[in-house]
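Heads up: the structure comes next, in structure tokens.
The values are calculated or read from the model by the stated rules, or taken from the named source; none is laboratory data. The shown structure was predicted, so the numbers you read here are calculated from the model rather than taken from an experiment. FYI the Cβ positions are ideal-geometry reconstructions off the backbone, even for glycines, and counts take in every protein chain you see. Note: accessible area is taken over every heavy atom of the protein model, side chains too, but ligands, DNA and RNA are not part of it. Shrake-Rupley method; radii C 1.70, N 1.55, O 1.52, S 1.80 Å.
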Amino acid sequence: MHLEKLIKQTAPFKSPYAKAEVGLIYLGNVIISQSQNNFKPHGITLQQYNVLRILRGQYPKYANINLIKERMLDKMCDASRIVERLHKQELILKQVNALDKRHTDVIITEKALALLKKIDEHQELQVNILNTLNQDEVNSFNQLISKVLGSLL
């Protein structure tokens, strides 16, 4: 009944599947909102954070825009524009690909690595909405998410 109270719904859901879907959407929006608030003091957006994490995972190798697009959590965002903003903030370096001049390669800077370290430390201190789950519940939750996401592959 928590979901119904949160969204002020008085009629029952048509099915448990409908309730689960609405619950996931609601939970996802809460997590996104909390994340955006956490990144705002650091001068970056959730999408920029996602790109920086991808590049940190690639470091010390360069990555191209296509790799970033493939790995982005938000498939609807404009990775090229995000990369340009990060470049202006001196959080990434860009260079033309040596083999294909039509492509741009990017790498994370030391400044960005330090920023991510600061954000990581800050996030460890934050209250996470999933902290209400114990270790076994988190493991079960992750297994359920994996099972549902498996249908997308």
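When 153, 125, 116 are checked against the criterion of being more than 20 Å from residue 23 (Cβ to Cβ) and modelled with pLDDT of 95 or more, a single residue qualifies: 116.
Name every residue in the stretch 58-70 that is open to solvent by 60 Å² or more (accessible area, probe 1.4 Å) and part of a helix (DSSP H, G or I), in order of residue number. Residues satisfying the conditions are 66, 69, 70. Scanning the stretch 131-141 for residues that are surrounded by 11 or more Cβ atoms within 10 Å (Cβ to Cβ) and either closer than 30 Å to residue 41 by Cβ or in contact with a Ser or Thr (Cβ under 7 Å, 6 or more places away or on another chain) (or both) yields 133, 138, 141.
Taking the conditions (1) in contact (Cβ under 8 Å) with a residue 40 or more places away in the chain; (2) on the phi > 0 side of the Ramachandran plot in turn, residue 59 satisfies each one other than (2).
If a residue has to be assigned to a loop (DSSP other than H, G, I, E, B) and surrounded by 15 or more Cβ atoms within 10 Å (Cβ to Cβ) to count, how many in the stretch 114-128 make the cut? Let's see the steps before the verdict.
Within the stretch 114-128, the first condition is being assigned to a loop (DSSP other than H, G, I, E, B), and the residues that meet it are 126-128.
From what's left, surrounded by 15 or more Cβ atoms within 10 Å (Cβ to Cβ): none.
Residues in the stretch 114-128 being assigned to a loop (DSSP other than H, G, I, E, B) and surrounded by 15 or more Cβ atoms within 10 Å (Cβ to Cβ): 0 in total.
The residues of the stretch 79-113 that are acidic (Asp, Glu) and either in contact (Cβ under 8 Å) with a residue 40 or more places away in the chain or open to solvent by less than 70 Å² (accessible area, probe 1.4 Å) (or both), listed by number, are 84, 100, 105.
Note on the stretch 84-113: residues that are of a type outside the set (D, E, K, R), farther than 27 Å from residue 37 by Cα and not in a loop (DSSP other than H, G, I, E, B) amount to 3. If you scan the stretch 31-57, which residues turn out to be at pLDDT below 95 and either in a strand (DSSP E or B) or open to solvent by 70 Å² or more (accessible area, probe 1.4 Å) (or both)? Within the stretch 31-57, 32, 34, 36, 37, 40, 41 meet the criteria.
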